[in-house]
Structures are given as structure tokens and as C-alpha cells.
1. Among (1) buried (at least 20 other Cβ atoms within 10 Å of the Cβ); (2) within 23 Å of Asn15 (Cα to Cα); (3) among the aromatic types (Phe, Trp, Tyr), which single condition is Phe121 missing?
2. Could you give me the residue pairs with C-beta distances under 8 Å whose first residue belongs to the stretch 270-286 and is on the phi < 0 side of the Ramachandran plot and outside any helix (DSSP H, G or I), whose second residue is loosely packed, with under 15 Cβ neighbours inside 10 Å and charged (D, E, K, R) wherever it lies, and which are 6+ apart or on separate chains?
3. Within the stretch 1-16, can you find the residues that are crowded, with 16+ Cβ neighbours inside 10 Å and without any contact (Cβ under 8 Å) to a residue 40 or more places away in the chain?
4. With the requirement that a residue be part of a loop (DSSP other than H, G, I, E, B) and touching a helix residue (DSSP H, G or I) at 6+ places or on another chain (Cβ under 6 Å), what does the stretch 68-94 give you?
5. Based on this model, can you work out whether Ile63 counts as over 18 Å from the mean Cα position of the chain (by Cα), closer than 15 Å to Leu6 by Cα and of a type outside the set (Gly, Ala, Ser)?
6. Considering only residues that are surrounded by 13 or more Cβ atoms within 10 Å (Cβ to Cβ) and over 26 Å from Ala188 (Cα atoms), which ones fall in the stretch 19-46?
7. When the residues of the stretch 178-214 are narrowed to those that are part of a loop (DSSP other than H, G, I, E, B) and at pLDDT 90 or above, which ends up surrounded by the fewest Cβ atoms within 10 Å (Cβ to Cβ)?
Amino acid sequence: MRRRGLISVIVPIYNVSGCVEKCIDSIIVQTYSDLEIILIDDGSTDGSGEICDRYEMLDSRIIVVHKDNGGLSSARNTGLSVATGDFISFVDSDDYLENSMLEELKKNMEEFDSDISICNFYFVDKMGKKKNFRFSKNNFVSFGKDKFVNIQNQYDYLTVYSWNKLYKKMVFSNIRYPEGRIYEDSYALCDILNNAYSVSYILKPLYNYVKREDSITNSFDTNHFDKIGSFNKKIDFFNDKGYFDLAKEEKNRKMTCLIINLSKIKRYGIKDKEIEKKYYQELVNTNKEVKWKGATKYNKFYKVFRKPSINILACLLRVRDLIKKQ
């Protein structure tokens, strides 16, 4: 029989034997104990799967699923198919939780009668030093169109990820993560929010995101073009809903992302003319849609700019200046 209040915690695991124990330990000791801890061994070859099996023997709340490697989305989707709880939470296997995270998220969800409860998080560097964004606003809830407005404003970095949240399981009733892509969180975000009546926020950091030198956000390869696809999905979603102002703002954000990634292509010396052409063509086409004043001249300047030491911050400041003047 399914227990009311049961939280299914889904942890995709792939070759993280050096840190997965800290992650699992942080879930086991949660002050909210009515948990179903689902460890998805996504074809690990470094002993991570064996570590999961050992934990399964130690704690009756733990369920281990071994599968062939299919990537993060595949592992999350497997976890969703196994989960029996009324609530869902995702944890990345190289991160860890503050002891009261799940309890505080559930209390926040109950207080605001929300379908998704979101908390702030710490960035943790390789030395273990933590930092987070501070807000003056208290915990709050957003409804209707405001759910999507929060994607565009200063709370975007809280909203976009899958792992700093507690969801009512029903928001995933017709949704799964797209497999074979990176930036899978962004692809699924609008559909997940659309299934939720309201979303509540805790501005206290309760999740620890461990920044890794080899992570997607700290590296670059041609698969990063998937992020542009996630922007396009959100733009189409907002247009279909009639949120044309949000679609326009998303195009501005897409322009910034395109310029950042073009700069990374230069900085990392990636010799792929085809992917560079795709980025540049998206930049030109999106510029036509949002009609930045003087942007065409800026694009031409950027296209021939070859110095590997390009100052990304200066580039972004110029982009933001163009946005304000459009």
C-alpha cells in the first residue's frame, strides 16, 4: 500500500564512487524520514553499483536499480517509473543535502498549498567552500503566469534545475525527461511548470551543488548546441500560450547564450566550422526577431573577432546594453 506523505528520492548514479557515499548519507539522515530512496546505477564501471548494493542491505528504504548506461535523463525516467511515493525529489549523485532539506520543502509546500516547492542552494567549490545568492524577499508562492515570469527574472537559477525541488508526483503524470540530450532540465521545465497550479520558494539554501571542473557548465563541446534547442522550446511554448512578452525576453536570453558559446568556441580552439556556422546563423536569425539596434554591425564584428582571450564579461555588458536600447 502506498503511504501518504512518502517521498521518492531518485538518485541517478554513474561512476561517482569517490563521492556517492556522501550523497547517500545526506539522504539517509534527513529529518524527514518517510522516504523511498531509489538509487539508479546507470551502468557504472567504477564500483559505484556495488556501493549502492551495500547501502541497500543497510537501509530498508533503499531500492537499487541496475541498468545499462543511458544518461541522466534515462536514469531519472527509470526512477520515475519505479517511484511509489506521492512526492518526488531528484538528487545528483555528486551533490549532497542539508539535513532538513526535504522536511522544509514539504512544510513549505503545505504552507502555500503548492505543487512544487523550490529551495535555494549552495555552490560548493573543490575546497568545500560554500557560497550562495542572497535575497531580501521572504519565502513566497507564484501562480499562473507568474510561474513562467519567475523563469525570466532573478529567480531563474532557482527554477531551472531539477534537483533543488520537491514535486507532487502528479506533475510528472505525462512528462519524462528527453533522452540523448544535455540540458535536459531546461527541455522539461515548461511542461513541468505547466502541470503545476502553483510553485513556492524557500530562499534558504538547503541543497549543496558541488562544482566540478569537468561539469557541463565548466566545459564546452559541440553537444552544447542542445541548450539552444531548449531556448527554442521555451520560446515556442510561450508563444503558444500567448505570453509574447516572455517569448521576447527568452529570445534576448538566447542571444546572450549564443554569444557566450561562440566565445567558448574561440577560447577552447574548437575546430568545427559547421557548429560555429549553426551558432552564428541562430544569432543572426534571432537578432532579426528581437531587432536590436546596431546588432547587425556587432554581429559582423564578432564574426571576425579571433582573439582567444575575448573578454566574455565585456561582451555580455555590450549585449545587455543593446537589449536596453532595442
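1. All conditions pass for Phe121, except number (2).
2. Within 8 Å, the pairs are Ile270/Asp221.
3. Step one: of the stretch 1-16, the residues crowded, with 16+ Cβ neighbours inside 10 Å are 6-16.
Asn15 - this is the single residue of the stretch 1-16 that is crowded, with 16+ Cβ neighbours inside 10 Å and without any contact (Cβ under 8 Å) to a residue 40 or more places away in the chain.
4. Answer for the stretch 68-94, where residues must be part of a loop (DSSP other than H, G, I, E, B) and touching a helix residue (DSSP H, G or I) at 6+ places or on another chain (Cβ under 6 Å): Asp86, Ser93.
5. Taking the combined requirement at face value, the residue satisfies it.
6. Passing the criteria: Cys19, Glu21, Lys22, Ser26, Ile28, Gln30, Tyr32, Asp34, Asp46.
7. Tyr197
The values are calculated or read from the model by the stated rules, or taken from the named source; none is laboratory data. Model, not experiment: these values are computed from the prediction. All Cβ positions, glycine included, derive from the backbone under ideal geometry; neighbour counts span all protein chains shown.
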